[in-house]
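Throughout, read-outs are computed from the coordinates displayed, never taken from laboratory work. These figures come from a predicted structure and were not determined experimentally. Note that each Cβ is placed from the backbone with ideal geometry, even for glycine, and that neighbours are counted across all protein chains shown.
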Amino acid sequence: MNTRFLMQTLWYSLLWSAACTLLHAQVRLEVAAFGESLGGWDVKRGKAADYELSGSKYRTYKPEVTPTPEGGIFVSVRLDYCRGMFASNDFATLEMTFDARGVLSSTQSSIAIQGRKITSDVMRSSLKLGETQGAVGSAVKMGGDLVADLTEKLTRENLVEAGRVTFPAAVRHNFNKVFQAVSYTPPVQAPMLPETTPAKPDTAKEIKK
């Protein structure tokens, strides 16, 4: 077997390996874009963003993103209600799971105020497995149901502090921003590679002549 054939075989193998990597879809959260939508990761040494909503100050930390076995991602975000220099902050968590096509499949949130934790029900998508049509509408409904559930449970605590009362709205704000920052890259069809014909036994001898 001559050197030229070996090099050609190696080249096709490398090309095929590169093409195969393009076959996989990818779901990802654009963390930089998410931060920019909140005003930028400018506090806590670039790990958080501060912003105001309805006159109250909130802080969102860079999210934790974990791949799921199905090929999607699980996103966990922490939010603080910044109550002032001499007061302890309240905090909340927002969890969102996206399937392998970037469709929001479930979400849940909890808010901790004065050591008491209020947790929402788990909101799940009504879409069938693999269905993408109506994904945005489904996500909007899930976000609305999430906030309504949190708000209803918080009202039982008889809260009067403005930033606490509007904490569910801050959760909804982050929910919207995360949803907008999730991208889906569909699989790319690998190019068809030409078939290679094995070199004939006498090829090397003919070349030497």
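As a summary of the residue check, Asp145 satisfies the conditions (1) part of a helix (DSSP H, G or I); (2) crowded, with 16+ Cβ neighbours inside 10 Å; (3) in contact with an Asp or Glu (Cβ under 9 Å, 6 or more places away or on another chain) except for the one numbered (2). Could you say whether any residue in the range 77-85 is more than 17 Å from Phe167 (Cβ to Cβ) and over 21 Å from the mean Cα position of the chain (by Cα)? Taking every residue of the range 77-85 in turn, at least one turns out to be more than 17 Å from Phe167 (Cβ to Cβ) and over 21 Å from the mean Cα position of the chain (by Cα). Looking for whichever is loosely packed, with under 15 Cβ neighbours inside 10 Å and of a type outside the set (Phe, Trp, Tyr) here; the options are Asp80, Asp99, Asp121, Asp90. Which one fits? It is Asp121.
Assess whether Leu154 counts as being under 17 Å from Asp80 (Cβ atoms), among the aliphatic types (A, V, I, L, M) and more than 25 Å from the chain's Cα centre (by Cα). So Leu154 fits the description; yes.
Pairs linking a residue in the range 59-75 that is farther than 10 Å from Asp99 by Cα to a residue that is of a type in the set (Phe, Trp, Tyr), with Cβ atoms under 6 Å and 6 or more positions apart or on different chains, are Thr66/Phe74. The single condition among (1) closer than 17 Å to Arg172 by Cβ; (2) surrounded by fewer than 19 Cβ atoms within 10 Å (Cβ to Cβ) that Gly46 does not meet is (1). Out of all the residues in the range 108-118, which are touching a residue at least 12 places away in the same chain (Cβ under 8 Å) and either in a strand (DSSP E or B) or among the charged types (D, E, K, R) (or both)? Gln108, Ser109, Ser110, Ile111, Ala112, Ile113, Arg116, Ile118, listed by residue number.
Out of curiosity, is Ser88 within 20 Å of Tyr58 (Cα to Cα) and of a type outside the set (A, V, I, L, M, F, W, C)?
Values: within 20 Å of Tyr58 (Cα to Cα): yes; of a type outside the set (A, V, I, L, M, F, W, C): yes.
Judged against the criteria, Ser88 is a match.
Can you say whether Phe175 is in contact with a Gly (Cβ under 6 Å, 6 or more places away or on another chain) and surrounded by 14 or more Cβ atoms within 10 Å (Cβ to Cβ), as far as the supplied structure shows? Criteria met by Phe175.
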